[in-house]
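K.L.:
Okay, handing you the structure first.
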Amino acid sequence: MTGENALILTDAQLDRLAELLAVKLAQVKPATPAMLTVEDVCITFQVSRAWVYENAFRLGGVKLGPSRRAPLRFDREKVAAALDPLGRPDRVDTREPRTGSGRRGRRHLHPVYDG
């Protein structure tokens, strides 16, 4: 950018501006909380990937699409509530997980809320 309206900053000024912007951006909270991926749930709550898929309904999982392999997302607070041993019993699904005794091909589907 050239001309009479051009602003020229030294390296020190540019570094200071970057620091101030970083502080401001860190203070801004997103309008809606980000949903957790399966991997996020595994890391945050120290559970296996298979366990997350097997308990997706209990954890409040939401499918992002109609396909059988659509990705799942989870609300952090719902997952924490489902894993809280002192939580209210009506907040946790206590049904036994399905076994492979259904029709062929259904044994790999996981019940999730997709509404």
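K.L.:
Suppose each label sits 7 Å from its Cα in the direction of the beta carbon; what would the D84-Q27 distance come out to in nanometres?
P.N.:
Going by the 7 Å Cα→Cβ label model, 3.1 nm.
K.L.:
Compute the distance in nm between two label points, each set 7 Å from the Cα along the Cα-to-Cβ direction, one at E39 and one at L7.
P.N.:
3.7 nm
K.L.:
If packing is taken as the average count of other Cβ atoms within 10 Å, what order do 57-66, 16-25, 39-48 fall into, highest mean first?
P.N.:
For the peptides 57-66, 16-25, 39-48, the packing ranking is 57-66, 39-48, 16-25.
K.L.:
If you take the beta carbon distance between R16 and Q46 as r and set R0 to 35 Å, what does 1/(1 + (r/R0)^6) give as a FRET efficiency, to the nearest 0.05?
P.N.:
After rounding, the FRET efficiency stands at 0.30.
K.L.:
Placing +1 on the Cβ of each Lys and Arg and -1 on the Cβ of each Asp and Glu in the range 38-91, which of Y53, L64, A80 has its Cα farthest towards the positive end of the resulting dipole?
P.N.:
Value: L64.
K.L.:
For the range 78-84, just list the computed ³J(HN,Hα) in residue order, Karplus coefficients 6.51, -1.76 and 1.60, θ = phi - 60°, integers in Hz, with x standing in for Gly and Pro.
P.N.:
Each residue's phi maps through the Karplus curve to give 5, 5, 4, 5, 5, 8, 6 Hz.
K.L.:
Follow-up question, since we're still on this one. Taking the range 38-91, how much of its Cα-Cα pair set, in percent, is spaced more than 14 angstrom apart?
P.N.:
Counting every Cα pair in the range 38-91, those more than 14 Å apart make up 50 percent.
Values in this text are rule-based calculations from the coordinates and carry no lab data. Not measured: the values here are computed from a predicted model. As a convention, Cβ positions derive from the backbone with ideal geometry for all residues, glycine included, and neighbour counts pool all protein chains shown.
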